[in-house]
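Notes follow once the structure below has been shown.
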Amino acid sequence: MTNNLFADIILPLAVRGRFTYSIPDNIEAEIRPGVIVNVQFGRRMVYSGIVCRVHDNQPEFKNVKPVIRVISGTPLINTSQLKLWQWISEYYLCSEGEVMKAAMPNELSLSNFKSRFESFIKLSRGFTDEELNEILDKLKKAPRQQEILSAYIRLTGYSKGREILPVAKSLLLSESHSSAGILDVLIDKGFLATISLPVSRISEKDSFREPVKQLSKAQTAAFKSIKSQFAEKDIVLLHGVTSSGKTEIYIHLIEEQLKLGKQVLYMLPEIALTTQIILRLKRHFGPVTGVYHSRFSDPEKVEIWKRVAENGLLNGYRLILGVRSSLFLPFSNLGLIIVDEEHDGSYKQHDPAPRYHARDSAIMLASVHKAKTILGSASPSVESYNNAVNGKYGLAELKERFGLIKLPSIVLANTREAYRKKLMVSHFTPELLQAMDQALAKEEQIILFQNRRGFSPYIECSDCGWIPVCIQCAVNLTYHKGIGKLVCHYCGYTSDMPSKCGNCHSTGMVTRGFGTEKIEDEIKIVFPSARVARMDQDTTRNKNSFNKLIRAFEERRIDVLIGTQMISKGLDFENLTVVGILNADNLLNYPDFRAHERSFQLMEQVSGRAGRRQKQGKVVIQTSDPANKIIRLVLRHDYVNMFRMQSEERRTFNYPPYCRIVKISIKHKDRVQLNYYSDLLGRELKEIFGKRVLGPESPVISQVQLWYIKIILIKIEKEKPPAKAKQLIIEAIDRLEKEKGASTLRIAIDVDPY
Ligand code: ADP
Ligand code: ZN
Ligand code: ZN
């Protein structure tokens, strides 16, 4: 029998809405928001879902199914999290179930999740010192038993009145060179006892602790300014040039929050960055500091999740350093969120839904907790800086590097001219080679940045121009020399390197362009005695590969590090003086309204790695277009004028921050059908939104994994709340999906595409 109570439940499905089930009497007491339950959905499927509301409103449909069972008695999701999920699903037009899938480690919702337990040994009761001495003296005739007990005392430092600490059984046996049989005798005699304790899956060493550093005058001023602006505003943008000491300011803000008993979330865009910052944070805050990113295994993620939930308890995490998904951890008491490198595109999730922006969602999360948010960057996004200029956010600035070290000097190297004068050595200009020579002679270190991995972005027949392309995507295949294959960077398809042209059978296949792998090869030839390494997706597939590369560079076991955007951000190396940007052109020529902003940010960011400690660094930018406006601005580190210029363009052509964009992508395996349905949707939307609709158009990559793609953009006025427009978009898509044959389409909505 059921009483008249019902539960609204979030299921991990892409279907919008919550699902209502009846609550059987026998489990009524356990059903609360945040609890995980099993329910039937459809004919056969049983899902784990999250209860988000309990009520007595009889649903309108018949045959309301009952909740089958409760998986976790205690709520695993708190109400703040449920609020965030709801906001994300409403704002980004996805289901709460999709948010749930992104938010929770899989194993958390399984009924059979088990911690790993290990046997520990402890004293059976609080013996006095005299008693212990007496026991040791009894045991004189059993020296091996005596040794176990002495080892226990040695390891735990036990004496009367002290806490009785457990020692791992394996450790005790190895310390006393003894066996389990002999240990059992001591247990039988009632001196020692066994307990089973969950063990951590996360290896952490507690480093020695240091007080936080004293802030410089400029830092103190910025710190005070942030705090006074927090009195009126919830969000402050910290605009500080690279190496101005933003991180130290965060550390001071964190210290204050921890003293108040609050939790802090510190977000970074890139896993590679967590390696250095986590050490900096642990040095000050010790074991309350945890790190979270996608390289952790599911059981490790579950443990971190639980330790965040155990805020305040022994072992609880109160400071989390993490990438975008760390937003979903079960914080109960956040005081501050730091979004470092807030301009970074990796904060936006592209696929699958929820296509959320972690910076904007963090601001929402902070407001749920009534916490403050600090956005930090050396080159803020046009959106955030605009918010600061018009007073929506506070603004604090640091205009000089810590220690008054000058920003790196930037040299432009004209590749077109160098090619013409035959001065290029492989892909390197004389300017870059000279800077590298000088640095290597002084045993200083170098970073070379190239935003393409692999050996060459495509290969080509030198006779007829034939280029091998992916069989599933409309892209050229990238040549990877290390594995000797052509690889598609969109779907992972690989094929052998052809020995002959697929068109004219000529044997003249040549590589074109260059990626990090080729640069690595050629640097080794040009500088045979330099120690060279590469950091990109291909060299960092293992969990510890970031740590190893970063440590090796810190310990000066690498002279030249070549990498993709992974090395461009946030890293802090003492002895790094020269940065080379190998090809600025392919950054600038990307067809996107943010391309210029992005290339400025990337160049500023990667330049910022040079000369951070003792002396001014040097940056060489190789380009065929040294007169380019953006490059001229990078040359002067002139963020504000970059902002003005971009802002003006966006206003003229109506792009964010002057409007909101909703991007709809429509996919079909048949090009004709795709054209038909995307035109239909385009017309429908134009009837509603008129000129605000752009497209349907084919994107630059018009086919991926056999699916042809069309894009429709809708520009919504900034002045009006977007909910109404979004509702109309959803309705138009729903209508399209009901058209005959439309079930073979794939439609994705991306709000604020980035
Ligand atoms: P940013 O985050 O702005 O790039 P960091 O906080 O990493 O800058 O600071 C740059 C360098 O200067 C780091 O090596 C850091 O340890 C050092 N530094 C910054 N502030 C201080 C300070 N107040 N005292 C000592 N060293 C500092
Ligand atoms: Zn050919
Ligand atoms: Zn492909």
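Summary of values
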item	result
30 Å Cα-Cα reach of LYS169 towards lysines, excluding residues that sit fewer than 8 places from it in its own chain	LYS114, LYS122, LYS138, LYS140, LYS141, LYS160, LYS189, LYS205, LYS282, LYS301, LYS306, LYS543
Loop chymotrypsin sites (Phe, Trp or Tyr not before Pro), the range 205-245, which have at most 15 other Cβ atoms in a 10 Å radius of their Cβ (DSSP)	PHE208
Sparse-neighbour loop sites [chymotrypsin sites (Phe, Trp or Tyr not before Pro); the range 1-63; at most 10 other C-beta within 10 Å; DSSP]	PHE61
Stretch in the chain that is longest and holds no GluC sites (Glu not before Pro) that DSSP places in a loop and that have at most 13 other beta carbons within 10 Å	233-442
Charge-dipole axis of the range 659-751 as Lys and Arg at +1 and Asp and Glu at -1 on Cβ define it, positive-most pick from SER678, VAL693, ILE730	VAL693
Additional length obtainable on full extension of the chain from GLU90 to ALA180, 0.36 nm per residue less Cα span	26.5 nm
Per-residue [θ]222 nm for the chain (sum of -39500 (n - 2.57) over DSSP H runs n ≥ 4, rounded to 500)	-10000 deg cm²/dmol
Charge dipole magnitude, Cβ of K and R +1, D and E -1 - the range 583-657, Cα centre, debye nearest 20	460
Distance violations [Cα-Cα > 27 Å] among LYS392/LYS691; LYS262/LYS726; LYS246/LYS372	LYS392/LYS691; LYS262/LYS726
Long-range tail of P(r) for the chain (Cα pairs > 42 Å, %)	41
Solvent-accessible area per residue, Å², over the range 659-751 with all protein chains present [probe radius 1.4 Å]	54
The range 2-103 - accessible surface per residue (Å², probe 1.4 Å)	49
Value of relative contact order over the range 117-198, rounded to a whole percent, pairs C-alpha under 8 Å and six or more apart	52
Segment VAL640-SER228, extension gain: residue separation times 0.36 nm, minus the distance between their alpha carbons	145.9 nm
In nm, spacing of pseudo-spin labels at ASP463 and ILE202 (7 Å Cα→C-beta vector)	6.0
Carbon + sulfur, % of accessible area of the range 15-96 - ligands and nucleic acids excluded, 1.4 Å	49
Cβ-placed point charges (K, R +1; D, E -1), dipole of the chain about Cα centre in debye, nearest 20	500
Accessible surface, 1.4 Å probe, highest first, among residues THR494, THR429, THR652	THR652, THR494, THR429
Whole-percent carbon and sulfur share, accessible surface of the range 456-513, 1.4 Å	47
Dipole of the range 217-402, positive end: most advanced residue of TYR356, PHE331, TYR292 [Cβ charges, Cα centre]	PHE331
Aspartates and glutamates whose Cα lies under 17 Å from that of LYS422, excluding same-chain neighbours fewer than 8 positions away	GLU431
Lysines whose Cα lies under 17 Å from that of LYS518, excluding same-chain neighbours fewer than 8 positions away	LYS481, LYS485
Added length on full extension, which subtracts the Cα-Cα distance from 0.36 nm per residue, GLU717 to LEU279	153.2 nm
Mean Cα-pair separation over length for the range 659-751, i.e. relative contact order, pairs under 8 Å, 6 or more apart, %	45
Paramagnetic reach from GLN616 (point 7 Å along Cα→Cβ, amide N under 19 Å) across the range 568-593	575-581
Span per principal axis, largest first, for the Cα atoms of the range 179-269 (Å)	66, 27, 26
Cβ-derived FRET efficiency at R0 41 Å, ARG44 paired with ARG735, nearest 0.05	0.85
Probe 1.4 Å, protein heavy atoms only - accessible area per residue of the range 146-305 in square angstrom	45
Considering only the chain, percent of DSSP beta bridges that pair antiparallel, nearest 5	55
Dipole in debye (nearest 20) - the range 117-198, about Cα centre, beta carbon charges: Lys, Arg +1; Asp, Glu -1	60
For the range 2-103, Kirkwood radius (reciprocal of mean inverse C-alpha pair distance, Å)	13.6
Positive dipole terminus of the range 152-240, leading residue within PHE223, LEU186, ILE202 (C-beta point charges)	PHE223
Spin-label pair ILE153/TYR676, simplified geometry with 7 Å Cα→Cβ offset, distance in nm	8.8
Rounded FRET efficiency, nearest 0.05, which uses the C-beta distance separating LYS141 from SER119 and R0 of 22 Å	0.20
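The values are calculated or read from the model by the stated rules, or taken from the named source; none is laboratory data. None of the values given here were measured: they were computed from a predicted structure. Here the Cβ is made from the backbone with ideal geometry for all residues, glycine too, and neighbour counts use every protein chain on show. Accessible surface areas use protein heavy atoms only, side chains included; no ligands, DNA or RNA. Shrake-Rupley method; radii C 1.70, N 1.55, O 1.52, S 1.80 Å.
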